[in-house]
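J.: Could you have a look at this structure, given as structure tokens, before my questions?
The values are calculated or read from the model by the stated rules, or taken from the named source; none is laboratory data. The shown structure was predicted, so the numbers you read here are calculated from the model rather than taken from an experiment. Note that each Cβ is placed from the backbone with ideal geometry, even for glycine, and that neighbours are counted across all protein chains shown.
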Amino acid sequence: MKHPSTPVEPESRDGVVAAWTRFWFAPADPVALSVLRVLAGVVFLYWLAPFAGDPQAFFGVDGWFDARAYTEASRLRELPPYLFTWSAAYWCGHNAMLLTALYWLSIAVVALFALGVATRLTGVLSWIVVVSFTANPAIAFDADPLLQMLAFYLMLGHLFLGLQTPGQSPLSLVLGPTRSTWLFSGLWPRQRVLLAPSAAANVAVRLLQVHFAMAVMATGFHKLQTSAWWSGLAPWFYLHPPFHSTLAEIRSFAPPNAETYLNLFSLTAYAVLAWQIAFPAFAWRRGFRPLLLGGAAIGWAMTALALQMPLVGPLTFALCLAYLTPLEWCWIQSKLAHLPLFARLGQETTAQAERKIKNGARTGNVAVGNRT
């Protein structure tokens, strides 16, 4: 048995370095990046759509949180700095019509990015949209940094995806590969021959995975700074806000039911803490997918039904899906292919792929290395 101080063998060091290099830079199937793009687009639209009634009131310099309030609030050290960054909405000034046009243009940009249209351009614009409309203390909530995180790494991945593919036109170099115009680009088996493995896709997904794992673990440790989580009573305060709870609701927790409720609250609090603090230990392990996605699904239900926070759940669940491997996405594809809607869509995209392959074979432009 080797002593702990024994130096590591060169072969072992090489193995660690090779594994580290594969983790970050090995070319990977872009299917995960494509599916995350679609899910993120849906989440972004779900987040932006409720502000359609009056964008000027939410984001304008003359709205509910006007320029004077913004200037005064920026001096408060208790508020996070991302609320006081640049925003494209500031360029509109006092012009409400221009701000409304910017809002609807942002909706269109996010929708185009989700559909895979000109992803290299719409990815950058979608990130600008997310940063611009989260820089407002009036509508800020704790999950805003997660929106920015998801938009940034998707932009990064699509910005470099396909740059090294030979034979591209100048337009495709600016707008992105035309193959990503399909909704679920890469999910259908014969369509996948048009998608080459990409190091950019792997780096972007890995950065998103590591950043999100650190954020989840930090959230768990942050909860430990309050006595409510140590005692297991934190769910009580979330479910019964002081200004919304009635005397009848409080009396309903009197004995003999008090002990049962307290035990349930404690179990819930400690389960949340354990899932968040231990997140990096199981997020990358394929055998712990039920814990990863099951915990995210339960959290989705709890935040939506009990805490009245409908956006945190789907956003967290979409970020947890970033840990699925291309092989797992293939398995999901095989299950979805049996559904009537997806089967019909798969037949259409398969026919398009076959036509492109035949046309490429006639002209000699089929890339041999594109098969996965």
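J.: Working carefully through the options 313, 294, 287, find the one that is modelled with pLDDT of 90 or more and in contact with a Gly (Cβ under 7 Å, 6 or more places away or on another chain).
T.: Only one candidate qualifies: 313.
J.: For the range 64-89, which positions are among the small types (Gly, Ala, Ser), in a loop (DSSP other than H, G, I, E, B) and modelled with pLDDT under 85?
T.: Hit for the range 64-89 is 74, nothing else.
J.: Taking the stated definitions as given, is residue 232 at pLDDT 80 or above and at positive phi?
T.: yes
J.: Can you say whether residue 313 is at positive phi, in contact with a helix residue (DSSP H, G or I) (Cβ under 6 Å, 6 or more places away or on another chain) and surrounded by 14 or more Cβ atoms within 10 Å (Cβ to Cβ), as far as the supplied structure shows?
T.: Criteria not met by residue 313.
J.: Looking only at the range 42-56, decide whether some residue is outside any helix (DSSP H, G or I) and without any contact (Cβ under 8 Å) to a residue 40 or more places away in the chain.
T.: yes
J.: Are any of the residues in the range 242-255 modelled with pLDDT of 80 or more and under 20 Å from residue 268 (Cβ atoms)?
T.: Scanning the range 242-255, I find no residue that is modelled with pLDDT of 80 or more and under 20 Å from residue 268 (Cβ atoms), so the answer is no.
J.: Does residue 103 satisfy the condition of being at pLDDT 85 or above, surrounded by 13 or more Cβ atoms within 10 Å (Cβ to Cβ) and either in a helix (DSSP H, G or I) or at negative phi (or both)?
T.: So residue 103 fits the description; yes.
J.: Hey, another quick one. Tally time: how many residues in the range 20-37 are assigned to a helix (DSSP H, G or I) and surrounded by fewer than 19 Cβ atoms within 10 Å (Cβ to Cβ)?
T.: Of the residues in that region, 6 qualify.
J.: Among the residues of the range 73-92, is there at least one that is closer than 30 Å to residue 163 by Cβ and surrounded by 15 or more Cβ atoms within 10 Å (Cβ to Cβ)?
T.: yes
For (1) outside the structural domain of residue 34 (by TED's automatic domain parsing); (2) within 13 Å of the chain's Cα centre (by Cα); (3) surrounded by 18 or more Cβ atoms within 10 Å (Cβ to Cβ), each residue gets a yes or a no:
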| position | (1), (2), (3) |
| --- | --- |
| 116 | no, no, yes |
| 123 | no, no, yes |
| 129 | no, no, yes |
| 133 | no, no, yes |
| 138 | no, no, no |
| 144 | no, yes, yes |
| 147 | no, yes, yes |
| 154 | no, yes, yes |
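J.: Conditions first: (1) closer than 30 Å to residue 205 by Cβ; (2) touching a Cys at 6+ places or on another chain (Cβ under 6 Å); (3) not hydroxyl-bearing (Ser, Thr, Tyr). Residue 39 passes all but one, so which condition is the exception?
T.: All conditions are met except number (2).
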